[in-house]
Amino acid sequence: MNKIILKGRLTANPELKTTTTDITVCDFSVAVNRRFNKEQTDFINCQAWRQTAEFISKYFKKGQEILVVGELHIDKW
């Protein structure tokens with residue numbers, strides 16, 4: 001099972017884009033405080049697709065709290 005749940009604040013306004021095949025994609029970053037050390041923060045880059053992307057870009061702005069449920073994918077460069 002690959003499931004991740006993040007609760008944090010948006011670091012910037014979500015960025016809505018459209019692919020060449022007209023699929024909407026929303027990129028955003030979430031600042032998540034550590035569970036036991038509240039002074040440390042992790043910044044997680046997230047991506048939402050289709051209706052979820054449109055919803056996030058319409059109703060969420062920088063600094064608002066957001067709860068994200070999804071899959072974790074780590075890209076290697």
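None of the figures in this text is laboratory data; all of them are computed from the coordinates on show. Worth saying up front: this structure is predicted, and the values here are computed from it rather than measured. Note that we place each Cβ from the backbone using ideal geometry, even for glycine, and neighbour counts take in every protein chain shown.
Tabulated values for the structure
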item	result
Sum of -39500 (n - 2.57) over DSSP H runs of 4+, divided by residues of the chain (222 nm, nearest 500)	-4000 deg cm²/dmol
Extended-chain gain in nm, criterion 0.36 nm per residue less alpha-carbon gap, I23 and I66	13.2 nm
³J(HN,Hα), Karplus 6.51/-1.76/1.60, whole Hz, each residue of the range 50-61, x for Gly, Pro	6, 5, 5, 4, 5, 4, 5, 5, 7, 10, 10, 9
Furthest towards positive pole of dipole, N33, W49, T21, structure part the range 1-71, Cβ charges	N33
P(r) weight above 20 Å for the chain, C-alpha pairs, percent	34
Tally of Lys pairs whose C-alpha atoms are under 21 Å apart, taken over the chain, 8 or more apart or cross-chain	9
Where GluC sites (Glu not before Pro) in DSSP loops with at most 14 other Cβ within 10 Å are excluded, longest remaining stretch of the chain	1-38
Candidates per trypsin sites (Lys or Arg not before Pro) in the chain, loop by DSSP, up to 15 other Cβ within 10 Å	K3, R34, R35, K38, K61, K62, K76
Mean Cα-pair separation over length for the chain, i.e. relative contact order, pairs under 8 Å, 6 or more apart, %	41
Inter-site label distance for L6 and Y59 at 7 Å from Cα along Cβ, in nm	1.9
